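The structure appears below as structure tokens.
The values are calculated or read from the model by the stated rules, or taken from the named source; none is laboratory data. Quick caveat: nothing in here was measured; it's all calculated off a predicted structure. Positions of Cβ are backbone-derived with ideal geometry, glycine not excepted, and every protein chain shown enters the neighbour counts. Quick note on the areas: whole protein, heavy atoms, side chains included, nothing else; ligands and nucleic acids left out. Shrake-Rupley method; radii C 1.70, N 1.55, O 1.52, S 1.80 Å.
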Amino acid sequence: MFVLVSFGVTNRCVLKCPHCYRDASNISKDHLSYEDCTHIIDEISSIGTRLLIFSGGEPLLRNDIYRLVGYASSRGLTCAIATSGLLVDENVVKNLVESGLRYVAISLDSTRPDVHDSFRGVRGLWERAINAIKMFIDHGVTVQVNFTLCKVNKDDVLNMVDLCEKLNVDHLHIFHIVPTGRASVFYEDLKLDMGEVLEICLRAVEHGLGRVNVKPTCVPQFWPFLKLRRPDIYDKISRGRALGCIAARSYIYVSPRGEVYPCPYLPYTIGDLKTMSLKDVLKNDIVVKLSQRELRGSCSSCSFKDICGGCRARAYFYRGDVLEEDPECTICSLASYSN
């Protein structure tokens, strides 16, 4: 079951983030009509999805975003929105909550305002994001902070855990940059080696235990790494979770054009909801293979395949094949030590 679907309802955005997977801009015309969006929401509801994330671009740039959240809520979907916080004020929060919003993900890439604002290209954005977090929490919305881990903020991760606790944020997702969209241009300038990413994520998870739910994202290798290094923590936090790469396993992405992808970072189209039903899209051979982890290369024989599976987007970027091995993986050499 695809319990989680992300729907990019617009490609418009005023930010200039170097790691943007959509290469979004304020001049983009990628934008489905309200009627097309409600049709897609009906399709998403029809497959038993539990959580629908409205993403972008910046979804708050849509004038009908409250109607869309309200419609999705009426179809039984739990609604979330992913935003930079730039356009959030009390009226926006109030309208979203009244429309049925339950969760919000707000991007925050440093505890230092200058670093965050410079990274995303808008002065004053850090303060707007912090204020947005506080307003959503005050209105009873569960907040998740999205932190994009890279060279400019790698020493700020534990501080971010502490800031999240101070703000009463429930969840902190630490994203490893994926080379797609605009990020493919700046990837080598921003990325960290996988070994360093895993060590930083482990320290963050340890630091947040009992205080903030820290989850490495787009780092499927973290789960075998954690199992080997801290089996006690692995046993505690892995229960009930879909581990490893969830692309086309429990998660799919719908673009601002209605195209369906295994995940937002994997530019491999598996169907188009303007001409196909979502149930038919999910019969795609790649979806079947990914759901069963029928992989190639070192990922196919790795003893950690069930809890990792490698990043399918990185496999596609480096190898041109969704099912190939993830060449950034540092876990394969440890596979013989499992159990």
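Odds and ends about this structure:
- Rounded to 5, the percent of DSSP beta bridges in segment 1-79 classed as antiparallel: 0
- For segment 21-123, taking Cα atoms only, Rg and Dmax work out to 14.7, 44 Å respectively.
- Cubic angstrom per residue, convex hull over Cα atoms of segment 255-296: 67
- Under 10 Å, Cβ to Cβ, from residue 224 - net charge with Lys/Arg +1 and Asp/Glu -1: +2
- Computed over the alpha carbons of segment 107-175, Rg followed by Dmax gives 11.4, 35 Å.
- Within straight-line cross-link reach of residue 134, lysines at Cα separation under 17 Å, skipping those fewer than 8 residues along the same chain: 94, 166
- Centroid-to-centroid separation of segment 254-297 and segment 37-86 [C-alpha atoms, Å]: 19
- Just the protein heavy atoms count here, and of the accessible area of the chain at 1.4 Å, carbon and sulfur take up 48 percent.
- Proportion of all alpha-carbon pairs of the chain beyond 30 Å (%): 32
- Per residue solvent-accessible surface (Å²) - segment 194-235, probe of 1.4 Å: 35
- Helix-only CD estimate at 222 nm, as mean residue ellipticity for the chain, using -39500 (n - 2.57) per DSSP H run (n ≥ 4): -10500 deg cm²/dmol
- Flagged links, alpha-carbon separation over 30 Å, of 154/289; 191/283; 215/289; 236/305; 154/236: 154/289; 191/283
- Residues of the chain were split at every exposed loop site, defined as trypsin sites (Lys or Arg not before Pro) in a DSSP loop with at most 14 other C-beta atoms within 10 angstrom, and the longest piece left, sites excluded, is 51-122.
- With a simple spin-label model that places each label point 7 Å from the Cα along the Cα-to-Cβ direction, the separation between residue 236 and residue 250 comes to 2.0 nm.
- Share, in percent, of DSSP beta bridges within segment 165-317 that are antiparallel, nearest 5: 40
- Segment 202-306 - Rg (one decimal) and Dmax (whole number), Cα, Å: 16.3, 48
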